Structures are given as C-alpha cells and as structure tokens.
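J.: Got a structure here, written out as structure tokens. Questions coming.
The values are calculated or read from the model by the stated rules, or taken from the named source; none is laboratory data. Bear in mind that the values here come from a model prediction, so they are computed numbers and not experimental data. With ideal geometry, Cβ positions are generated from the backbone for all residues, glycine too; neighbour counts draw on all protein chains shown. Keep in mind that these areas ignore ligands, DNA and RNA; they rest on the heavy atoms of the full protein, side chains included. Shrake-Rupley method; radii C 1.70, N 1.55, O 1.52, S 1.80 Å.
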Amino acid sequence: MYSLPKINGNKTLIFIIIFMFIMIIPTTAIMLTITTNPVYGQQDKTSFNATDSTNIQSIPAKKVQVGDIEIAYKMFGKGDPILLFNGASDGMDQWDPSFPMSLSSNHTVIAFDSRGLGNTTMGSKSYSMQQLANDAAGLLDALKLPKANVMGYSLGSFIAQQFTMMYPDKVNSLVLVASSCGGKDDTSKPPEFIKLQSEIVNKSLNNVSISQEEMKELVAASVGAGWIKLYPESLENIPTMQQAKPGLSPEAMNNQNNVGREWVATNWNGACDELAKLDKPTLVITGTDDNMYVPYVNSLKIVEKIPGAWLVQIKNAGHAVMDQYPEEIGKILNTFLSTTAQTN
C-alpha cells in the first residue's frame, strides 16, 4: 500500500501557516520560503464554468469500454488535458476536491478508476504495471485524445512512468509526486515498515481486523513527524481500514500492493534512464518527511537523472503530501504546465 486515507486536521489553520521550500534544478539551486499568499496566483473561482465549480465527487461518472474492462471516469474543465493516476487502492473521488478543481480552470482534467477499483471492472487480463499503462492508453484513445499531460501520485506515479515509456507520443509532460524510478538505485522503505504493511495486507486478505494502533502507525508514517508536531490531532479519531477505504476488496488491495512492490524491487537500470532519453518536461514533488512509504531521497535521484526536471520539496509533509497541501500543489502544477507549454 502506498497511500492513506484523508487526514483529519484544521485545514483553515494549515493554509495560514504552511510554508514550502522549492528548488529548481539543474540550472541553479534556488531555495525559497513561501506562504499560501498568491505566489503562484490565486485561482479565480468565478471564472470556472458550471462544471468546474462543482465538487469532483458530485460530477457524474461515465463509463467506456477499453479492451476487456469498462473504465469509469470523469472529464471536466477546459484546456489541454491532464490525466491523473491515483495512489494505491484509491478511486478517482479520493483526490482532495480542491486539487483537480484548481487544475480545471486551465486544463481538461481526466480522473478515472484503475482496473479493479471503484466502478472499473477487473477484467480477465493479468494484473501488471504494463497492463495498467495499456488501460490508460486505451482510455485516451476512447476519449479521442491523442496526447495529455500525465500526473501520478505514489503508486500512480509508477504507472505514469510506465505509461510514458510505453506511449511517449501520448505524453506532453510528466508530473511525479511521492515517487521513485525504481531499479538498483532505489532507496527502499525501512524493514520494520515493510513488515507492518505486509501484516496489514495479510490480515485484510484473511478477514482479520486491523487494530487502531496499527492504523495509527500507518497514519503517523504517512503524514510525517513535522505534520504531527503541528497538528497532533491528526492521530486522533483514526478510522478503520473499512471506513477509510469503503468497498475496497482484499483482492484489489493485494493486487495494488504487489504491483507496486514488484516495480520497486525490479533490478534493472530503472525508469529514469529511459525517461531521460524521452526528454519530457518533468516535475517532481516530495514531502521532506516521507521516510517510510517512498523515501523522499528517491525523488532527488529522479531529478538528478532527468535533465531539466523541476524539484519541489515540501516541508512538514510526508507521503500524504497530496492530502496535506492539495491547493498548493495545484498552483505549482498550473505554473509548471503553463511554463512548459510555452516551450513544448
């Protein structure tokens, strides 16, 4: 498992006091401290069309046949398309609403349920990273979209990399959040955390209840020490796994866990070497407290290997960075996409 449920906390307070460190590589190492004031430009909600002003959860899903499965998706907004790959075991409605809505003022957002999750069927084909990339390519074809910007979070970032390598002509730019490019240079998660995750997956497969203490460990690892110091209430009233991910079957959880683990463990040159050859504008975002799920040093390695890649490091953020700072990440993506569109 590479993602966790929504984080409890005072979002209003968060937006008042958060700050980020941003470094753009490789031209110069620039370190900036910013607040949530309009550094990237506050989105004007009044400029959204009727669909854009709606919460993503309330937008009706559509379905389209792609190979052996029916894919459930939502497409909204205006402008160049951006395809979103979810974190592990998450459906398309798991994105914090402020994130896709901030993108939709300037981009056509495509969110979808991956094979076997949410309202997308499992199908009969073997479950693999390559197949998940094929599914996404088929979705773009079905929607008659020749190319898109591609963004992936956590496990979704692995799928986004696979998609980019298999279908480079379909990709305008690549955004990787809480990611690794795998291979022999990967920095793996701590052994004790691997053991915890394995035990939780096994319990889920065997219908054994997961304790509150285990869920607390997962949440603490996900949000990171800095966040807990700022918001100790994050570790209160933690939901059960069933409450956090309603409708998630043990089979689907196991499939997602295995496909991510196989990606990271594969002893090859890694995706970065191949991605570097493709010369796609790339943005990498990580929380500096992500030390358990996908250690943040892996994001630094991606940027080292891909010439011209942008790196954003967010302080007081863990692996759950997408839930911790959704609006800020939306602004960063809008800046990146508008900048690279001028040169792409």
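J.: Restricting attention to the stretch 210-223, does a residue exist that is among the small types (Gly, Ala, Ser) and in contact (Cβ under 8 Å) with a residue 40 or more places away in the chain?
T.: Taking every residue of the stretch 210-223 in turn, at least one turns out to be among the small types (Gly, Ala, Ser) and in contact (Cβ under 8 Å) with a residue 40 or more places away in the chain.
J.: I need a count of the residues in the stretch 150-194 that are hydroxyl-bearing (Ser, Thr, Tyr) and in a helix (DSSP H, G or I).
T.: Within the stretch 150-194, residues that are hydroxyl-bearing (Ser, Thr, Tyr) and in a helix (DSSP H, G or I) number 2.
J.: Follow-up. Which residue pairs have Cβ atoms closer than 7 Å, lie 6 or more positions apart in sequence or on different chains, and pair a first residue in the stretch 268-292 that is assigned to a loop (DSSP other than H, G, I, E, B) and of a type outside the set (A, V, I, L, M, F, W, C) with a second residue that is open to solvent by 40 Å² or more (accessible area, probe 1.4 Å) and modelled with pLDDT of 95 or more?
T.: 288/296; 288/315; 289/225; 290/296
J.: Can you name every residue in the stretch 64-87 that is in a strand (DSSP E or B) and either touching a Ser or Thr at 6+ places or on another chain (Cβ under 8 Å) or at pLDDT below 95 (or both)?
T.: The answer is 69, 70, 71, 72, 75, 76, 77, 80, 81, 82, 85.
J.: Of all residues in the stretch 70-104 being surrounded by 20 or more Cβ atoms within 10 Å (Cβ to Cβ) and at positive phi, which is nearest to the chain's Cα centre (by Cα)?
T.: 89
J.: Considering only residues that are modelled with pLDDT under 85 and either over 18 Å from residue 247 (Cβ atoms) or open to solvent by less than 50 Å² (accessible area, probe 1.4 Å) (or both), which ones fall in the stretch 196-215?
T.: Listed by number, the residues that qualify are 201, 204.
J.: Please give the number of the condition residue 307 fails out of (1) assigned to a helix (DSSP H, G or I); (2) open to solvent by 10 Å² or more (accessible area, probe 1.4 Å).
T.: It fails just one condition, (1).
J.: Name the one entry in 141, 185, 169 that is at pLDDT below 95 and open to solvent by 40 Å² or more (accessible area, probe 1.4 Å).
T.: That would be 185, the only listed residue that is at pLDDT below 95 and open to solvent by 40 Å² or more (accessible area, probe 1.4 Å).
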